[in-house]
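What follows draws every value from the coordinates through simple rules; no lab data is involved. Quantities reported herein were computed from a predicted structural model and do not represent experimental measurements. Cβ atoms come from the backbone with ideal geometry, glycine included; neighbour counts cover every protein chain shown.
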Amino acid sequence: MQKLLLSILFFFVVELTYSSSKIITEDAFPSINYLNKVLVEVLVKDLFTPPAASRIHVYCNLAFYEVLTVNDASASFSSYLKGFPANSQIPQSKNTDQILAASAAFIHIARKLTFSFKEWDKATEQFARNSADSARFVTASTQHKEWLLKYIDWMNADGFAQRLAYKKYTVSDNPNAYQLTPPSYKSPIEPYWGTLRPFLIPSAETFGCSNILTFDTLNASTFYKINLEIYQKSMDFSQEQKDIALHWDCNPLQVESIGHAMLYSFRMTPGSHWVLIAADILEEQNIDIKKSAFIHTSLSLAMADAFITCWNDKYRFNTIRPVSFINSYISDKWKPILQTPIFPEYPSGHSFVSATAAEVLTFLLGENFQFTDKSQVSIGQNKKLYNSFHDAAEEAGISRYYGGIHYIEAIDIGFEAGKKIGKHVCQILQKISQ
């Protein structure tokens, strides 16, 4: 555990902590799984939001996969990605080690999108050290520079930079709208994420949700009752239910106020949680490099589209969080088990993204695929056994109810929409994998 203690204005203290390198084992041979585990740690350390992290997962994995499959145009995603520079434009050479070249491409893109360069220096050293000839890695690193420049131009045209030009988002004073939440009361994140270019879906609206929640403060109203239910049940949840909430918390920046001090804890994002699940499975099953890269890329693309769609809906509906409603109309002392994320409530992002991930992983690895989720061991939690990806996704969704941060309706509707995106992506994967 690393800690940074900052004193501000003599009395205000902020402490930053993050969990380090237990995700990656020392004997892990460099591979696409290794690279994704390094990436997850970097995303935690660099404090990327869940939507932003999902974007980085895509661009790193897609670069790896397209370089790896340069000799097989039918395996490329280029036909399904608008404006994408096809890997047929990559120069081919009999002397190039495509695995090393793909790894170099992943690291090159990661350096463009993240800030923790030391981790990527270590990864580069690890690949060179494990190559039969370290010069081969250096050679492979230079093979596809022209294509990578085109790839980066395509990447930079996705609307990520352009979103900063939009009018500064202000929280509505309408009582039914999202309000700043304790303990940090920070501005909501990524209000314009829905404007980004999607990957495999036509638009952010294609699989969007309908609004089934109607704000009302009357005691007899449905909205009041669902908030009262959260308030009452939060006092009776079992330890198992609380543990489920904590296992799927995945809040990248949690804040705890202690007097004049604020303790910030860094955690992986919901998307990164699923990336680690996949990486562990692929390692344990000894899946070959091409299929592993295809699975990581497919999963990342699908989840990124789920985030774009979900965030578009979150700010379209701008729904108040349970903590804000309950503190205003039921009990001003109530605190949820989990800290409320700083963005609107509806629909649930966890159920949305997890449902998408489960559809894709089930398609690629099979129904009733039993696995152990070890992703949270590095932060002191236990391993968890699941009988299928759908079981895990459903638990991820309900965990937000146990945590007191989502309505059941938002979880259910998010799950339905996430499934639709997952199924749409799987139709594309079927064409590529054939």
field: In order through segment 298-314: 3J(HN,Hα) via Karplus (6.51 cos²θ - 1.76 cosθ + 1.60), integer Hz, x for Gly, Pro
entry: 4, 4, 5, 4, 5, 5, 4, 5, 5, 5, 4, 5, 4, 5, 4, 6, 4
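Which of 150/431; 186/314; 291/419; 335/384; 314/420 have a Cα-Cα distance over 21 Å?
Details: 150/431 25 Å; 186/314 17 Å; 291/419 23 Å; 335/384 27 Å; 314/420 17 Å.
Violating the 21 Å Cα-Cα cut-off are 150/431; 291/419; 335/384.
Run the numbers on segment 2-433 and let me know its relative contact order in percent, using alpha-carbon pairs under 8 Å that are six or more apart.
Details: 726 pairs, mean separation 89.9, N = 432.
Relative contact order of segment 2-433: 21 percent.
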- request: Read phi for every residue in segment 48-65 and hand back ³J(HN,Hα) as whole Hz from Karplus 6.51 cos²θ - 1.76 cosθ + 1.60, θ = phi - 60°, with x for Gly and Pro.
  value: 6, 6, x, x, 5, 5, 5, 5, 5, 4, 5, 5, 5, 6, 5, 4, 4, 5
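How much of the DSSP beta bridge set in the chain is antiparallel, as a percent to the nearest 5?
Working: 17 of 23 bridges.
In the chain, approximately 75 percent of DSSP beta bridges are antiparallel ones.
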message: To make sure I understand the rule: partners must be aspartates and glutamates, Cα under 18 Å from the Cα of residue 374, and not fewer than 8 residues away in the same chain. Which ones qualify?
response: 26, 27, 41, 240, 243, 249, 280, 283, 284, 391, 394, 395
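For a protection proxy built on the mean count of beta-carbon atoms within 10 angstrom, sort 189-200, 37-48, 148-159 highest first, please.
Values: 189-200: 20.8, 37-48: 22.6, 148-159: 16.5.
Put in order of decreasing packing, that is 37-48, 189-200, 148-159.
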- request: Let me have the 222 nm mean residue ellipticity of the chain computed from DSSP H runs of 4+ only, each contributing -39500 (n - 2.57), with the sum over all residues rounded to the nearest 500.
  value: -16000 deg cm²/dmol
- request: Please work out the C-alpha center-to-center distance from segment 145-176 to segment 66-123 and express it in whole Å.
  value: 23 Å
query: What ranking of 234, 74, 399 emerges when the number of other C-beta atoms within 10 Å of each C-beta is taken as an exposure proxy, fewest first?
result: 74, 234, 399
query: So what J values fall out for segment 272-286 if you push phi through Karplus, 6.51 cos²θ - 1.76 cosθ + 1.60 with θ = phi - 60°, rounded to Hz, Gly and Pro as x?
result: 5, 4, 5, 4, 5, 4, 5, 4, 5, 4, 5, 5, 5, 7, 6
query: Between (1) 0.99; (2) 1.06; (3) 1.77, which matches Cα Rg over 2.2 N^0.38 Å calculated for the structure shown?
result: (1)
task: Any chance you could check the Cα centroid distance between segment 366-419 and segment 267-289 for me, in angstrom?
output: 15 Å
- prompt: Out of residues 5 or more away from residue 184 or on other chains, whose amide H comes under 5 Å of its own, with H placed 1.01 Å from N in the peptide plane?
  reply: none
